[in-house]
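Working notes, beginning with the structure itself.
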Amino acid sequence: MRIFHHSEFDPLRCSLEGMNLIEASAGTGKTHTIGSLFLRLLLERQLDIGQILVVTFTQAATEELKERIRARLKEALEVFSGKRFADEFLEALGRRIISRNLAMVLVESALRRFDEASIYTIHGFCARILADHAFEMGEGFDVRLITQEDHLHERLAYDFWRNKLYTAPPEFVSFAVSRKFIPPLLTRLLKDLVTWPDLKVLPEDPFPGLPDLVPLRKKFLEMKRGWQTWEQEARHLLLSPHLSGNRYGSLKKDEQGLSRREGLISVIFAQMNQWIARPWPLLPLFPHFEKFTSGYVSKSIRKGKSCPHHEFFELAQAVYDLSTKMQEQMDAYLLGLKVEFANVAREELEKEKSEHNLRGYQDLVLRTMKALRGKRGNRVIASLRKRYKAALIDEFHDTDSAQYFIFTSLFGQDSRPLLLVGDPKQAIYAFRGADIFAYLRATSEVDKRYTLSTNWRSEPSLISAVNTLFRLRQRPFLFEEIDYVEAVPSSKQNIDHLEINGDRVAPLRFWYLEKDPEAPKDGSISKTRARALFARAVACEVSRLIRLGRAGGAVIGENPVKEKDIAVLVRTNEEALIVQDQLRAFNIHTVLYTGENVFDTPQAWEMEQVAAAIATPEDPYLVRGVLATEIFGLDAIELLELEQDNYKWEETILRFREYRRMWEK
C-alpha cells in the first residue's frame, strides 16, 4: 500500500504564506480550525476584519461560520483579558503575540465591526465582485438572480424533443422512448452541462441517417400480408419434436395436460400477433422474436433430425437482421440528437438569460472567471487584492475549475495566503457540482499539505472499524492522490455506548440478503424487492430497539433508547418514503428530511388546483378537477351524479364562491 506523508495540522504552526491545503474528514474540527486561523491572521498579520475573506458553499454554512468565528473571537478576548482559562491553542498564541493589550484592542475592534466581516458563499462572493465592478466587467445593473433554473431547462428540453420527434418516423419514435429518450433525460443532460461547463460534448461528427428503414418496412409488409396464412403452419412446425426442448421448452405434459413448449409457443405467438397488427415495425423487437428466425430454428434441431423450413422463418430472419442494423443506426441517431441538444440548448439558455437579464448561481461563477480573464481582468484583480489580503476556503472539495481559477488568481502569492480546507473523499462524488480533477490539481500545486486526523465526534470503536474497512484496499478511492488517512479518536471524548442486555453492541455491522425465499429457483432478487426487504428489516430492528429501550434492555449510557436516538440514512427520497411506510406499519412516528422541493409534491399541486378553483368558481372545469383530487375525494361516478343533479351542482358552485369571499376578506 502506498504511504502518503502528510503533515499533521497544527493551527499554531501552519504557514500563513502561499497556498496551503488542509484535508479533514467529518468530525475533525474544520470549522474550529478556520476560527483559529482567522484569529491568527487578525493578530499575527494584523489584518482588518474585512480583509480576511472566508468562503463556503451554502448559506447555512455561512451563518454557522459567522457564529463560530464570532464565538472564537469572544473566547480569545476573555482569555487575553484574564476572564477565563485558555485552551492549548489560545494559551500558546498568547505567548507568541508581542502585546496582550494590542491583541485585546484588535479582537475587540473586530467584534465591534463584525458585520463588516467578509464571509460569503462562493456565489455571494462572485455576485459581490460582479456588482462592485459592473462597469469593468460589462455586467448589467438590473440583473435578476434566479435560484432555480429547472423551468428554463424543462422548456428547452420539451421544445427540442417535440421538434425532433413529432416529425420523426414512428419506428424511431417508439425506439427513442424505449431508450428513455424523453424530456426529463434532456433536462438532466442540460443541468449537467450547466453544472460542469468545461465538459466536452462528443462525438463532434454529425449523426448518420437511417438507411435500412425502407428495406425493413418492405419486409415487415411482406410478413404482415402472409401472416394469416402462415400462422398455423409456423405454430405446427415450432411444436415439432425435432426442436430442442432446451430452446423451445419440453413437450412433456404436466398435471394439467399442458407442456412448457405449448405455453411458450402460446406466449410468443400472442406477442407476434400484437407486433404484426401494428401499421409499422415496432422497435426494439419483442424478446422472443428470434425464435421465429430460420437461423435460430436451424440451431435448435435435435441430433439426427431434419430442420423444418418455412418462408415465414426466412422473412423473420431478414426482419431480425435489418432490425439489428436499424437499432445500431437508431442508437447512433439518438446519440447525435443528444449532441445536437447539448450544443443548441447551451446557446438557447444563454440567449434566454441575456435577453431577460437573468443569472443562475453557476452563471455568477462563470462570468466572474471570464471577467478576470478578460481585457480588464488585471484591473479588477488589482482592486480585489487591495481589498482582500487573505482567504480561507471552506468545503474546498465542492470546488470546480472555475472557482479554483478565481481563488488562485487573487490569492496564494505575494504574501496573500490562500488556505483551502476540504475532504478529498467527498470531491469524488461530484456533490454540488464539484470537480475531482480541480481538487487533484490543487493537491499538486499547493505549497503545504496538512491533515486533520483527530476525530472529535465518533466513538473510538467506530473509528477503528472504519479504519479497518478502508485498510483492506490498496487504493480505496481509485486515485493515488487521494489516500485514506486513518482517523484517530480524541482522548478527551466521553461517549456513551449502546448496550443491549448489558453487552456493548458492535459499532459497524453489515446485513446481507442471501436469497429471496419468494424468488425463482436461482434465488435472484430484483432491486425493487431488495429495497422492500431491507426497509422491512430496518423497521423490524428499529422496533426491536425501541421495545428493548422501553423495557430497560437497550440503553445509551444510562438512558433508555428512544425514537429520537435513531436515524436511518438512505440514498434517495424514494427509499426514504419506503422506509417511512414500513416504520409507520409498526406505529413508529418519524420525521422525514429530504432534498425534495415541497412545491414539487402532489399535495402542492392539489393545493394549487384548489386555489385556482376558489379564485375562479365560475369555471366548471376547474371546480370539477378539484373535486376529483384526493382532498375532496370524489370518484368518477360520484362526480357524474353531482353534475347531473342541477341543484347539488349549483350548491357546489355557491360553496366555492363563498370560499373566495372568505379568502378576499
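The values are calculated or read from the model by the stated rules, or taken from the named source; none is laboratory data. Bear in mind the structure is a predicted one, so any value in this text is a computation, not a measurement. In this analysis, Cβ positions are derived from the backbone assuming ideal geometry, glycine residues included, and neighbour counts consider all displayed protein chains. Each accessible area value is taken on the protein alone, full model and side chains, heavy atoms only, with ligands, DNA and RNA left out. Shrake-Rupley method; radii C 1.70, N 1.55, O 1.52, S 1.80 Å.
How do 362-369, 600-607, 244-251 rank on mean C-beta neighbours within 10 Å, highest first? Each step should come with its number before you reach the end.
On the way: 362-369: 21.6, 600-607: 12.0, 244-251: 14.9.
Packing order, densest peptide first, comes out as 362-369, 244-251, 600-607.
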The chain - mean residue ellipticity at 222 nm from DSSP helices (-39,500 (n - 2.57) per run, n ≥ 4, rounded to 500)
-17000 deg cm²/dmol
DSSP loop (so not H, G, I, E, B), at most 16 other Cβ within 10 Å: list which chymotrypsin sites (Phe, Trp or Tyr not before Pro) in the stretch 427-508 pass both filters.
429, 456, 477, 479
Per 20 angstrom bin, beginning at 0 and ending with the bin that holds the maximum distance, the Cα pairs of the chain fall in percents of 12, 31, 36, 17, 3, 0
Provide the net charge surrounding residue 71, with neighbours chosen by a C-beta distance below 12 Å and charges set as Lys +1, Arg +1, Asp -1, Glu -1.
+1
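Quick one: which of 327-334, 167-174 comes out on top by average Cβ neighbours within 10 Å, and what's the full order, highest first? Let's see the in-between values first.
On the way: 327-334: 17.4, 167-174: 15.9.
Those peptides, ordered most packed to least, come out 327-334, 167-174.
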Summed side-chain charge close to residue 609 - residues other than residue 609 whose Cβ falls under 13 Å, Lys, Arg +1, Asp, Glu -1:
-3
Roughly how many whole Å is it from the C-alpha centroid of the stretch 375-448 to that of the stretch 180-199?
26 Å
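Which whole-number percentage describes the relative contact order of the chain, with Cα contacts under 8 Å and a sequence gap of 6 or more? Don't jump to the answer; show the numbers that get you there.
Numbers: 758 pairs, mean separation 119.7, N = 665.
Contact order relative to length: 18 percent.
What net charge is computed for the residues neighbouring residue 505, neighbours being all others with C-beta under 13 Å from the C-beta of residue 505, Lys and Arg scored +1, Asp and Glu -1?
On the way: positive: 504, 509, 544; negative: 459, 496, 499, 503, 541, 565.
For residues surrounding residue 505, the net value is -3.
Looking only at the chain, where both bridge partners belong to it, what percent of the DSSP beta bridges are antiparallel (to the nearest 5)? Intermediate results must be reported in sequence, preceding the final value.
On the way: 9 of 36 bridges.
Percentage antiparallel, nearest 5: 25.
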I'd like the distance separating the alpha-carbon centroids of the stretch 220-234 and the stretch 298-341, in whole Å.
17 Å
C-alpha long axis of helix 311-355 to longest principal axis of the chain, angle in °
30 degrees
Share of the stretch 513-665's accessible area from carbon and sulfur, percent, 1.4 Å?
54 percent
Normalising by the residue count of the stretch 48-176, find the relative contact order in percent from Cα pairs under 8 Å and 6+ residues apart.
33 percent
So which GluC sites (Glu not before Pro) in the stretch 231-317 are both in a DSSP loop and have at most 10 other Cβ atoms within 10 Å of their Cβ?
255
Rounded if a/c is under 1.5, else prolate if a/b is larger than b/c, else oblate: which is the stretch 149-216, with a ≥ b ≥ c the root eigenvalues of its Cα gyration tensor?
oblate
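Can you tell me, using C-alpha contacts under 8 Å and at least 6 residues apart, the relative contact order of the stretch 376-471 as a whole percent? Can you show the working numbers first?
Working: 84 pairs, mean separation 26.5, N = 96.
Rounded, it is 28 percent for the stretch 376-471.
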Listed peptides 10-23, 30-43 by packing density, highest first (mean Cβ within 10 Å)
30-43, 10-23
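I need the calculated FRET efficiency for the pair residue 343 and residue 379, taking r as the beta carbon distance and R₀ as 22 Å, to the nearest 0.05.
Values: r = 33 Å, r/R0 = 1.52.
The calculated FRET efficiency here is 0.10.
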Against the longest alpha carbon principal axis of the chain, how many degrees, from 0 to 90 and to the nearest 10, is the axis of helix 460-471 turned?
60 degrees
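Determine the share of the stretch 220-328's accessible area contributed by carbon and sulfur atoms, expressed in whole percent, with a 1.4 angstrom probe. Write down the numbers at each step before the final one.
Values: 3070 of 6140 Å².
On the stretch 220-328, the fraction of accessible area on carbon and sulfur atoms equals 50 percent.
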Computed ³J(HN,Hα) along the stretch 45-52: with the Karplus parameters 6.51/-1.76/1.60, θ = phi - 60°, integer Hz and x for glycine or proline, the list is 8, 6, 7, 5, 4, x, 8, 9
Can you compute the FRET efficiency between residue 649 and residue 26 using 1/(1 + (r/R0)^6), with r the Cβ-Cβ distance and R0 = 56 Å? Round to the nearest 0.05.
0.40
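For the stretch 268-330, run through the trypsin sites (Lys or Arg not before Pro) and keep only the ones in DSSP coil with at most 16 other Cβ atoms within 10 Å of their Cβ.
Numbers: sites: 291, 299, 302, 303, 305, 325; in loops: 299, 302, 303, 305.
Of the trypsin sites (Lys or Arg not before Pro), the ones in loops of the stretch 268-330 whose Cβ has at most 16 other Cβ atoms within 10 Å are 299, 302, 303, 305.
For the chain, report the accessible area per residue in Å² (1.4 Å probe, heavy atoms, rounded to an integer).
Details: 38330 Å² over 665 residues.
Per residue, the chain has 58 Å² of solvent-accessible surface.
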